[in-house]
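Notes to accompany the following structure.
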Amino acid sequence: MKKIVIAGVATVIMFIVLRFFSEGLVTDYSPSGIISFELAKNMRDANAMMKAVGVKPFQINIAVDFLFIIAYCIFLFLCCKAIMNKYLTSISKTIGLIFLELSVLVGVLDLVENIAMLITLGGYGSNVSVGISRWSAIIKFSLASFVILYIIITSLYFSFLSKKKS
């Protein structure tokens with residue numbers, strides 16, 4: 001439990017730090033800051049955002065994001081592992097293992113997304129690098145939401161069971 005709390009605190013701290021580094025990224029071309037850049041539809045849109053914001057602020061934000069990835073992936077992984085350890089049946093443990101693996105996949109997708117954005121920001125971008133970033137982000141956000149929902153629902157379930165036994 002102590003590791004989960006530490007990872008959770010690290011995640012919150014990194015989120016706050018990222019918010020600080022994201023302040024200058026919001027423009028008419030990138031209304032959601034770095035998320036707009038992550039979800040750019042093509043190289044033309046990415047170029048418009050880079051021109052409006054500048055390359056360096058995006059690069060700095062992505063560099064900090066690498067630390068955020070480590071923090072939130074460890075947090076999600078530890079939460080899923082703790083939940084998985086509470087299961088009694090093999091089917092439940094298998095479901096827990098799937099979510100444990102999904103929490104790692106979220107981080108891998110975030111890494112791929114960041115690398116694709118850095119390629120674009122480095123002047124080597126194309127519709128391919130922008131597309132890789134976009135689809136990695138879409139899948140990452142979807143899976144992360146799914147994993148977080150799983151953690152919340154199962155945590156509430158186990159909390160309810162423990163209160164019922166008392």
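The values are calculated or read from the model by the stated rules, or taken from the named source; none is laboratory data. Every value quoted in this text rests on a predicted model; they were computed, and no experiment measured them. Cβ sites come from the backbone with ideal geometry, for glycine too, and all protein chains shown count toward neighbours.
Selection of first residues in the range 138-166 that are closer than 19 Å to Met84 by Cβ and touching a residue at least 12 places away in the same chain (Cβ under 8 Å) and of second residues that are in a helix (DSSP H, G or I) and among the charged types (D, E, K, R), restricted to Cβ pairs under 6 Å at least 6 apart or on distinct chains, gives the following pairs, ordered by first then second residue: Phe158/Lys86. Contact annotation: residue pairs with Cβ atoms under 8 Å, 6 or more positions apart or on different chains, pairing a residue in the range 86-100 that is under 12 Å from Thr154 (Cβ atoms) and of a type in the set (Lys, Arg) with a partner that is at pLDDT below 90 and assigned to a helix (DSSP H, G or I), are Lys86/Phe158.
Please work out if Phe66 is of a type in the set (A, V, I, L, M, F, W, C), within 20 Å of the chain's Cα centre (by Cα), at pLDDT 95 or above and buried (at least 16 other Cβ atoms within 10 Å of the Cβ). Break it down stepwise before answering.
Working: of a type in the set (A, V, I, L, M, F, W, C): yes; within 20 Å of the chain's Cα centre (by Cα): yes; at pLDDT 95 or above: yes; buried (at least 16 other Cβ atoms within 10 Å of the Cβ): no.
No.
From the list Ala40, Ala48, Ala7, the one residue that fits, being surrounded by 15 or more Cβ atoms within 10 Å (Cβ to Cβ), among the hydrophobic types (A, V, I, L, M, F, W, C) and assigned to a loop (DSSP other than H, G, I, E, B), is Ala40.
Within the range 17-44, residues that are more than 20 Å from Ser136 (Cβ to Cβ) reach partners that are small (Gly, Ala, Ser) and in a helix (DSSP H, G or I) with beta carbons closer than 8 Å, at six or more positions or on different chains, in the pairs Thr27/Ala52; Asp28/Ala52; Tyr29/Ser36; Tyr29/Ala48; Tyr29/Ala52.
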